[in-house]
Amino acid sequence: MSEKILLIDGHSILNRAFYGLPDLTNAEGKHTGAVYGFLNILFRILEEEKPQYLTVAFDLHEPTFRHKMYEAYKGTRKPMPEELREQVPLMKEMLTAMGIKIVSKAGYEADDLLGTLAVRSEKEGMDVTILSGDRDLLQLATEKVMIRLPKTSRGKTTIENFHAAEVLEKYQVTPPQIIELKALMGDSADNIPGIPGVGEKTATKMIVEFGTIENAYVHLEEIKPNKARESLREHYDLAELSKALATINTESPLEYVYEEARLGNLYTPEAYQLCKQLEFKNFFGRFDTSAVPENTIEQNFFTCSDLGGAEALFKKAAEKNYIGVALLSDKEGVYGLGIALTKGEIYYVPVEGLLTGDYICAALKEIADSTILCSIDVKSMLKHVGLEDAGHVFDTGVAVYLLNPLKSSYTFDDIAREYLDGALLPTRTDLLGKDSLKAAWEKSSDGLMSYACHLAYTAYATREPIENALKETEMWNVYREIELPLIFTLDSMEKWGIRVKGEELKSYGEKLQVRIAELEKLIYEQAGEEFNINSPKQLGVILFEKMGIPGGRKTKTGYSTAADILEKLAPEQPIVNDILEYRQLTKLKSTYADGLSAVIEADGRIHSTFNQTITATGRISSTEPNLQNIPVRMELGRLIRKVFVPEDGYVFLDADYSQIELRVLAHMSGDEKLIQAYREAEDIHRLTASQVFHVPFDEVTDLQRRNAKAVNFGIVYGISSFGLSQDLSITRKEAAEYIEKYFETYPKIKGFLDGLVADGKEKGYVSTMLGRRRPIPELKSGNFMQRSFGERVAMNSPIQGTAADIIKIAMNRVYQRLKEEGLQSRLVLQVHDELLIETKKEEVETVSRILEEEMKGAVHLSVELDVDMHEGNSWYEAK
DNA sequence: CTGATCACG
DNA sequence: ACGTACGTGATCAGC
């Protein structure tokens, strides 16, 4: 087995990664996307190829021979965007840290070095793989030299591979003839002028026929298209120049020692540090961190495992103005407590012997009377410590979420790095590995102690800078008035949970199963074979190949079998309808009937988790299970809501805002016509239709109303004619006309939306009415698709986010009033614009008044906030 | 572990 | 020319 060398075209791959990926930045604002993408593809290729040698070639930023020749011909190369330029040294630093050989040479391009090394290595008897984004390199392909060209389409990277044979197959010419082809066609990206009037087709024909440009000149008179012949005759100098430009020099005088390029351990401590700095979390797992020296503060950690010591510690803690705490706990119990009294006095109190979880939690509650507990996750602490006053806690996680709601998680090492001057703390995985808290506790691991202390330290040390940041960004009010109290509201909802009739859920599932089995049989009969209906891949083959339904194709992995596609393609096919019904039923069974059954707890209730730090817009989300997507639109699914019932002696009161987002739009835009519409109309979609289509209110057709409704939605989503046309199955042109008419009807809306985009571009973020921000880095992207996305987000986020702020205010007030007025009724669910209260029967009147007052009065807008309310003995009845 | 699909607002 | 509606989470297939 011969040895293998991997040669990488550094700039070219970095370039691909830069344009193919969203613009990532780390906490310091350093651009990292290209480096990340480069590493991703590097790791992938290494795993596939397993080479013994590896070298990355870079251009130097000095003009090379080939540049000079070209620049003499015309101008200079186009500049590299700054966001990419700054990543070049970073990339080299990373490669060096990983012990990877880098080559570059004054006067030579990376291409030349790659070509030179490829030729040399092949002579040494090696297999060669060249990774580049540049098709020019194809001239180097042989039987032993493979060129790999990564292509990113729709976010997914596929790689095209070329030995000499594949080049011939795809381009009809040999690899050396690629040079001739390029020279004739030209390549604006590579600054090769080419022959005017000669494109890919003509060039290929000429080279296939004559082999080389020189030979083509010999046979000039035989060249077919007259235009090409004359152009060629006229531009012989250009052909010569182009050929020289396109030719890769395979004999560069490069000093190169193979041993220096031998692949060793890439996952060095230096590389790990760099990955941490750049926040490449996905790569952390690749490093063996056991031997990595950490920048630690551990010398200040003390364990306090005796009762007397703990007492003294708690007493001291109670005298501080604020302390950092980390209660290590899960559903099953409490494992320990980290306490930071100052930046240097950090203690760990394990649950052990006389120091029980209950004791520690009781102590914490008492301490909170006289000091502020700063924690990265207050809600998890509330599960065990019955605090009631938001004034006595500081939630680092929620605060950092407000400052940047785009992150997918808020870990202490991230928070420390961002708010403590780049401090590099070990990660949870560094300290605990893959162990759960419980597992670590059972081992009495030192890691657990260190973990608790690092958490407490971070919460303590970051409080001030984070508080300052909230004030500077004018989000202190949102934090204090909305998010902080919300922690307590959500905690209460989670603790109460919602009662579910397990038996009925089970029989609902069984009922579904009967029909599912019938459908399965029908589908197999029609298909003529048994297959996995749940596999889009298998299903696609059956429908579009075996059964010959026309018009397939859509996704990168094969045919799309999504419901809307199938409905448009073959609404009359019985098998399609059976499949759609099958899909619907299996969804209901697996996600809802079976899924919900599995999470009913011993108290007969489901306790979902409401996450406060997930969404980019400020909404909350619900997990394990998600109670915010229980079916309602279709009757069969809606029936599931019958198993959600109040406790005996209670009923449900369900209250939802009517079109809150459109009302927010009316208010924020200040459009008098839309505001007036809301003051007048019961049915805003019908009124919109009547105004947009200039017909009397009572004569609006169902179709007109439906269209108007879709436009209303579209506006809120960040309108685009394409999106609307998809939704309504109309042409883009028609959709554009609707939108235009809408903007004519409500003249201030367009200005408002344009203003949001302009504002977002200028500031880098957009804001809700209450000051919550969402950064939109995509607005600055050079990529059309990403920038357009940014623009839609700039239009949608302030609206969706303001609505989220409003219902959060309402929830907090409802929760507070139920508590203050000593009522037994309780808030149990929030579904974005809807609140569900498990209401004591005697309190129905009081509670409905509270709901109406607090929901309508949460904020004052120039349109009324309308609330629909229903009472029932199940969620089904109350909705 | 990612993509496709589909449930909700 | 580019290729899309905004925001979520759970499940299943198939690498």
(request) Mind sorting A:Ser721, A:Ser121 by how few other Cβ atoms lie within 10 Å of their own Cβ, fewest first? (result) A:Ser721, A:Ser121
(request) With runs of 4+ DSSP H residues as the only contributors, calculate the mean residue ellipticity of chain A at 222 nm using -39,500 (n - 2.57) per run, divided by the residue total and rounded to the nearest 500. (result) -15000 deg cm²/dmol
(request) Just subtract the alpha-carbon distance of A:Met869 and A:Asn534 from 0.36 nm times their residue separation and send over the number in nm, one decimal. (result) 116.7 nm
(message) For A:Lys144, give me every one of the lysines with a C-alpha distance below 21 angstrom, ignoring sequence neighbours fewer than eight places off in its own chain.
(response) A:Lys4, A:Lys50, A:Lys123, A:Lys170
(message) Taking only complete DSSP H runs, can you tell me which helices of chain A stretch 27 Å or more along their own long axis by Cα positions and average at least -1.0 on the Kyte-Doolittle scale?
(response) A:446-472, A:502-527, A:784-820
(request) Please order A:Phe610, A:Phe743 by the number of other Cβ within 10 Å, starting at the fewest. (result) A:Phe743, A:Phe610
(request) Return, ordered by residue number, the residues of the stretch A:1-26 whose backbone nitrogen is under 15 Å from a label point located 7 Å along Cα→Cβ of A:Leu46. (result) A:5-8
(message) Please give me, ordered by residue number, the GluC sites (Glu not before Pro) of the stretch A:432-488 that lie in loop per DSSP and have at most 16 other Cβ atoms within 10 Å.
(response) A:Glu474
(message) Report the gain in length on full extension from A:Glu853 to A:Asp754: 0.36 nm times residue separation, minus Cα-Cα distance, nm rounded to one decimal.
(response) 32.2 nm
(request) Arrange the peptides A:370-376, A:516-522, A:825-831 so that the one whose residues have, on average, the most other Cβ atoms within 10 Å appears first. (result) A:825-831, A:370-376, A:516-522
(request) Please get the size of the charge dipole for the stretch A:570-661, origin at its Cα centre, with Cβ charges of +1 on Lys and Arg and -1 on Asp and Glu, quoted in debye to the nearest 20. (result) 160
(message) Taking the number of other C-beta atoms within 10 Å as the exposure measure, put A:Arg553, A:Arg233, A:Arg633, A:Arg417 in order starting with the fewest.
(response) A:Arg633, A:Arg553, A:Arg233, A:Arg417
(request) List every residue whose amide H lies under 5 Å from the amide H of A:Ser329, counting only residues 5 or more places away in sequence or on a different chain, with H placed 1.01 Å from N in the peptide plane. (result) A:Tyr335
(message) Compute, for the stretch A:501-644, the length of the dipole vector about the Cα centre, with Cβ point charges of +1 (Lys, Arg) and -1 (Asp, Glu) only. Units Debye, rounded to 20.
(response) 520
(message) For A:Lys30, give me every one of the aspartates and glutamates with a C-alpha distance below 20 angstrom, ignoring sequence neighbours fewer than eight places off in its own chain.
(response) A:Glu82, A:Glu83, A:Glu86, A:Glu93, A:Glu270, A:Glu279, A:Asp413, A:Asp414, A:Glu418, A:Asp421, A:Glu762, A:Glu778
(message) Using a Förster radius of 30 Å, what is the FRET efficiency between A:Gln824 and A:Glu601 based on their Cβ-Cβ separation? Nearest 0.05, please.
(response) 0.90
(message) Tell me the relative contact order for chain A as a rounded percent, counting alpha carbon contacts under 8 Å between residues six or more apart.
(response) 9
(request) Go ahead and run the numbers for FRET between A:Lys673 and A:Ala439, Cβ-Cβ distance against an R0 of 56 Å, rounding to 0.05. (result) 0.35
(request) List the relative contact order of the stretch A:175-251 as a percent without decimals, with contacts defined as Cα pairs under 8 Å and 6+ residues apart. (result) 38
(request) Could you point to the residue in A:Tyr592, A:Pro574, A:Pro536 farthest towards the positive end of the stretch A:517-604's charge dipole, with +1 and -1 charges on the Cβ of Lys/Arg and Asp/Glu respectively? (result) A:Pro536
(message) For the stretch A:267-360, which GluC sites (Glu not before Pro) pass both filters: DSSP loop (anything but H, G, I, E, B) and at most 15 other C-beta atoms within 10 Å?
(response) A:Glu319, A:Glu332
(message) Suppose a student asked you for the relative contact order of the stretch A:501-644, using Cα pairs under 8 Å spaced at least 6 residues apart; what percent would you report?
(response) 24
(message) Below 13 angstrom from the Cβ of A:Glu86, what's the summed charge of the other residues (Lys, Arg +1; Asp, Glu -1)?
(response) -2
(request) In debye, nearest 20, what is the charge dipole magnitude of the stretch A:293-472 about its Cα centre with +1 on Lys and Arg Cβ and -1 on Asp and Glu Cβ, if you could check? (result) 200
(request) Mind checking the stretch A:321-373 for trypsin sites (Lys or Arg not before Pro) that DSSP puts in a loop (not H, G, I, E or B) and that have at most 13 other Cβ atoms within 10 Å? (result) A:Lys331, A:Lys343
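Laboratory data are not the source of any read-out in this text; all were calculated from the coordinates shown. Note that the coordinates shown come from a computational prediction; the quantities given were computed from them, not determined experimentally. Quick reminder, even Gly has a Cβ in these numbers, built from the backbone with ideal geometry, and neighbours come from all protein chains shown.
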